[in-house]
Amino acid sequence: MKDGTVKVKDNIIQYVQKMQQAGAGELLITSMDREGTWTGFDEQLIKQITSIADIPVIAHGGAGCIEDIGRVIKECNASAVALGSMLVYQKKGMGVLINFPDREKLNECLQ
């Protein structure tokens, strides 16, 4: 799927299994419904995938705060997260605002 508009016949479990069998080394899971919303990751989807995946799972789409990162790592067993809007926000008439989470708060959240 190049842009999320092509539907596949497999359910998520079958699709993850096919990707692993095809030799994928990791899975980047983007919740297109949550991407850019800052409402949190699709934790149900990530849990479903990490429960059957034998390879690392990277959660993407929806992170709005450090706590979202901690939850998806600790409670959903994601191997990593990919962040976009939470770190880089661009608004018309403004430049790019880069907002890196405080390292200490991030470490605290992940413990």
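The values are calculated or read from the model by the stated rules, or taken from the named source; none is laboratory data. Since we're looking at a predicted model, the values are computed, not measured. Heads up, the Cβs are rebuilt from the backbone with ideal geometry, glycines too, and the neighbour counts pull from every protein chain shown.
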(message) Scan the range 55-65 and tell me whether some residue there is over 30 Å from Gln21 (Cα atoms) and at pLDDT 95 or above.
(response) no
(message) Quick test for you: out of Thr37, Thr50, pick the one residue that is of a type in the set (S, T, N, Q) and farther than 15 Å from Asn77 by Cβ.
(response) Thr37
(request) Check whether at least one residue in the range 76-97 is at positive phi and modelled with pLDDT under 95, and report yes or no. (result) yes
(request) Among the residues of the range 20-38, write down those that are modelled with pLDDT of 95 or more and surrounded by fewer than 18 Cβ atoms within 10 Å (Cβ to Cβ). (result) Gln20, Gln21, Ala22, Gly23, Ala24, Gly25, Glu26, Leu28
(message) Quick check on the range 42-75: of everything there that is over 21 Å from Gly25 (Cα atoms) and among the hydrophobic types (A, V, I, L, M, F, W, C), which residue is surrounded by the fewest Cβ atoms within 10 Å (Cβ to Cβ)?
(response) Cys65
(request) Could you give me the residue pairs with C-beta distances under 7 Å whose first residue belongs to the range 7-24 and is within 13 Å of Ala53 (Cβ to Cβ), whose second residue is modelled with pLDDT of 90 or more and assigned to a helix (DSSP H, G or I) wherever it lies, and which are 6+ apart or on separate chains? (result) Ile12/Gln48; Ile12/Ile49; Val16/Ile49
(request) Please go through the range 1-35 and pick out each residue that is part of a loop (DSSP other than H, G, I, E, B), hydroxyl-bearing (Ser, Thr, Tyr) and either farther than 17 Å from Val81 by Cα or touching a Cys at 6+ places or on another chain (Cβ under 7 Å) (or both). (result) Thr5
